[in-house]
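Take a look at the structure set out below.
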Amino acid sequence: MSKHTLKGFLYHSQYSWQSDDEAEIRWHTSEKLGDEHYTLIGPHNFEVNIPSDFDVRSAKVANLRELKQSVQAEFAARVTEIDRKINELLAIEN
């Protein structure tokens, strides 16, 4: 295990359409978010333990496979749309 300290800031987050019960406490690395919906509470650090056998490659491969499926789906939808337009134009000729 390796221990890492994450340094950042806590914020109270609430949009105008949210009730008080829906407000959230969020953590961010930036001290200045520049958004009126976020109120800085203050700095907050916490430690996490990363297993020594953690291998980021498997997660990256999974992300890339998911991205590949998404791109393939977008491509197939676009090709279908183009084919539909071609067929419409060919139907006008007949």
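The values are calculated or read from the model by the stated rules, or taken from the named source; none is laboratory data. All of these numbers come straight from a predicted model, not from anything done at the bench. Cβ sites come from the backbone with ideal geometry, for glycine too, and all protein chains shown count toward neighbours.
Things to note:
- Residue in the range 81-91 that is within 30 Å of residue 25 (Cα to Cα), among the charged types (D, E, K, R), surrounded by 10 or more Cβ atoms within 10 Å (Cβ to Cβ) and not assigned by TED's automatic domain parsing to the domain that holds residue 18 present: no
- When the criteria are applied in full, residue 33 meets the requirement of being surrounded by 10 or more Cβ atoms within 10 Å (Cβ to Cβ), touching a residue at least 12 places away in the same chain (Cβ under 8 Å), not hydroxyl-bearing (Ser, Thr, Tyr) and not in a strand (DSSP E or B).
- Positions within the range 54-69 being of a type in the set (Val, Ile, Thr) and either surrounded by 10 or more Cβ atoms within 10 Å (Cβ to Cβ) or modelled with pLDDT of 95 or more (or both), in sequence order: 61
- Residues of the range 8-23 that are surrounded by 10 or more Cβ atoms within 10 Å (Cβ to Cβ) and not in a loop (DSSP other than H, G, I, E, B): 8, 9, 10, 11, 12, 13, 22.
- Any hit, the range 44-53, residues being touching an Asp or Glu at 6+ places or on another chain (Cβ under 9 Å), assigned by TED's automatic domain parsing to the domain that holds residue 17 and assigned to a strand (DSSP E or B): no
- From 26, 57, 65, 84, residue being of a type in the set (Lys, Arg) and in contact with a Ser or Thr (Cβ under 6 Å, 6 or more places away or on another chain): 26
- Criterion applied to 74, 47 was being of a type in the set (D, E, K, R), closer than 30 Å to residue 3 by Cα and either surrounded by 10 or more Cβ atoms within 10 Å (Cβ to Cβ) or over 21 Å from the mean Cα position of the chain (by Cα) (or both), and the one residue passing it is 47.
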